Each structure stands twice: as C-alpha cells, then as structure tokens.
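I have placed the structure first, in the form of structure tokens, so that the comments after it can refer back to it.
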Amino acid sequence: MPRPREFEPEQVLEAAMRRFWERGYRATSIEDLVKATGVKPGSIYSAFPGGKRTLFLKSLERYSKLVVPQKLGELDAPGASVAEVRGYFDGLVRDLLSPEGRQGCLLVNTAIENAAEDDEAAAVVRGHLARLEHCMTRALETAARRGEVRTGLDPAGAARLLVATAQGLMVVGKANPDEAVLRAIVDNAFTSLA
C-alpha cells in the first residue's frame with residue numbers, strides 16, 4: 001500500500017514556480033527544487049511524472065492563472081480603455097524598478113529561454129500573448145468608440161504593437177532598469193495612439 005503524501009501539491013507548485021521564475025528553467029536543478037519545496041526527488045517524480053519539465057509546465061500554468069490576472073489588473077475588465085492600457089504599462093515599469101520585478105515575467109523569460117525548442121512551453125507563451133493582445137484590442141476598440149484615440153486607428157494592429165512593446169520593455173528592464181529609459185519607451189508607444 002502506497003504511503004500517503006506528506007506534502008501539498010499546490011504548495012510544491014508555488015515554490016517551484018517561484019524558483020523557476022527566479023532562476024529560469026535551465027539554471028534550476030532538481031536539487032534546487034528539492035531545497036525550494038522541501039520534497040524529496042522521488043516524491044517530486046511520483047507527484048509530477050516527468051519530473052522537472054512537468055513541474056515547469058505546471059508552474060507556467062499556475063503563473064498564467066494566478067499571477068497574470070494580477071498584472072493585467074483593470075485591463076482585463078469590461079469597459080477598459082486607454083487609461084487601463086496605460087495603467088498596465090505603468091505597472092510594468094513599477095515592477096521593473098523593484099528588485100523582485102527585475103526577475104521579469106516568467107512567461108517572457110520562458111519565451112526567451114525555452115520557446116524555440118519546447119513546443120509545449122511555446123504554446124503556453126502564445127496563449128499568454130494572445131490573451132494580452134485580446135485585452136488590448138478590446139480596450140482600444142472601446143477607446144475608438146469613445147473618441148480617445150485617433151480616427152482610423154486599427155485597434156488589432158495597435159494592440160499587437162503594444163504587446164510587442166510590453167515584451168521588449170520587460171527585456172530592457174531586466175538589463176537596464178532606468179526609469180527614464182523605461183518611461184520613454186512607454187511614452188513613445190502611446191504617441192501612435194493619439
């Protein structure tokens with residue numbers, strides 16, 4: 001008869017997600033995960049068949065469900081408009097100026113580190129980008145109806161550009177967390193909307 005689990009899988013996932021977020025996939029070893037979670041390797045493999053990779057993919061899913069909604073904030077709300085898009089970017093800048101925020105976004109980090117060679121990780125990243133693009137498109141459509149953006153603006157095209165800018169902003173912020181540089185990037189992105 002198998003022994004009952006002596007750990008809570010959700011707590012293990014939370015600790016693993018944070019470790020992957022801090023260090024990345026490649027730099028995180030099973031030993032690191034054991035230290036972070038307090039769970040023995042055999043128990044990790046038993047609870048998460050496939051070991052480190054399965055734990056990583058489940059960590060990405062957890063991040064998408066729990067962290068991303070916090071970062072999106074009001075941008076994900078019905079009736080969001082230009083102010084909420086700007087609020088999202090202002091939140092990114094605030095995050096990047098903090099020591100914890102310099103870790104960046106687990107999904108952006110994954111896009112850089114893993115997406116070219118891991119189709120499942122790439123699919124999670126694509127899902128995130130599609131969600132962000134949808135939120136921004138919807139907000140810009142609302143802004144267009146309200147007359148808050150220039151006439152003739154293509155909301156979907158502008159949203160794609162803003163998503164790309166957000167991803168680039170997070171990369172720049174990891175290497176150069178200079179507030180003036182980050183704010184200039186955001187300000188320039190918004191000039192195309194007016």
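The values are calculated or read from the model by the stated rules, or taken from the named source; none is laboratory data. Source: prediction; values computed, not measured. Glycine also receives a Cβ, built like all others from the backbone with ideal geometry; neighbour counts cover every protein chain displayed. For the accessible areas, the whole protein counts, side chains as well, though only heavy atoms, and no ligand, DNA or RNA atoms are used. Shrake-Rupley method; radii C 1.70, N 1.55, O 1.52, S 1.80 Å.
Some notes on this structure:
- For the pair residue 18 and residue 71, label points projected 7 Å from Cα toward Cβ lie 1.8 nm apart.
- Other residues whose C-beta falls under 12 angstrom from the C-beta of residue 68 contribute a net charge of +2, scoring Lys and Arg +1 and Asp and Glu -1.
- Approximate spin-label separation residue 150-residue 117, in nm, with each point projected 7 Å along Cα-to-Cβ: 4.3
- Working note: Karplus 6.51/-1.76/1.60 with θ = phi - 60° gives the stretch 91-99 the couplings x, 4, 4, 4, 4, 5, 8, 9, x Hz, where Gly and Pro are set to x.
- For the stretch 146-194, a Kirkwood hydrodynamic radius built from all Cα pairs, placed in the Stokes-Einstein relation at 37 °C and 0.692 mPa s, yields a translational diffusion coefficient of 281 µm²/s.
- Near residue 192, no amide H atom lies under 5 Å from its own; only residues 5 or more places off or on other chains count, and H is placed 1.01 Å from N.
- When you work out D = kT/(6 pi eta Rh) for the chain at 20 °C and 1.002 mPa s, using the Kirkwood radius from C-alpha pairs as Rh and the Stokes-Einstein form, the result is 119 µm²/s.
- Theoretical FRET efficiency, 1/(1+(r/R0)^6), r = Cβ-Cβ of residue 10 and residue 98, R0 30 Å, to 0.05: 0.70
- Probing with 1.4 Å while keeping every protein chain in the model, the per residue accessible area of the stretch 49-158 equals 48 Å².
- Ellipticity estimate at 222 nm from DSSP helix runs (n ≥ 4, -39,500 (n - 2.57)) divided over the chain, nearest 500: -23000 deg cm²/dmol
- Taking all Cα-Cα distances within the stretch 54-152, those exceeding 19 Å account for 48%.
- Within the stretch 74-164, trypsin sites (Lys or Arg not before Pro) in DSSP loop having at most 16 other beta-carbon neighbours inside 10 Å: 150
- Sequentially through the stretch 105-114, phi angles give Karplus couplings (6.51, -1.76, 1.60; θ = phi - 60°) of 9, 4, 6, 5, 4, 5, 4, 6, 7, 10 Hz, Gly and Pro residues having no value and appearing as x.
- Label point distance in nm, residue 171-residue 131, each placed 7 Å from Cα along Cα→Cβ: 2.2
- With every protein chain in place, the chain: carbon and sulfur % of accessible area (1.4 Å): 53
- Charge tally for residue 177 (other residues, Cβ to Cβ under 13 Å; Lys, Arg +1; Asp, Glu -1): 0.
- Rg/Rh (Cα only; Kirkwood hydrodynamic radius) as it applies to the stretch 1-75: 1.02
- Whole-Hz ³J(HN,Hα) from phi, Karplus 6.51 cos²θ - 1.76 cosθ + 1.60, for the stretch 40-49, glycine and proline x: 5, x, x, 6, 4, 5, 5, 7, 10, x
- Length-normalised contact order of the chain in % [C-alpha pairs under 8 Å, at least 6 apart]: 20
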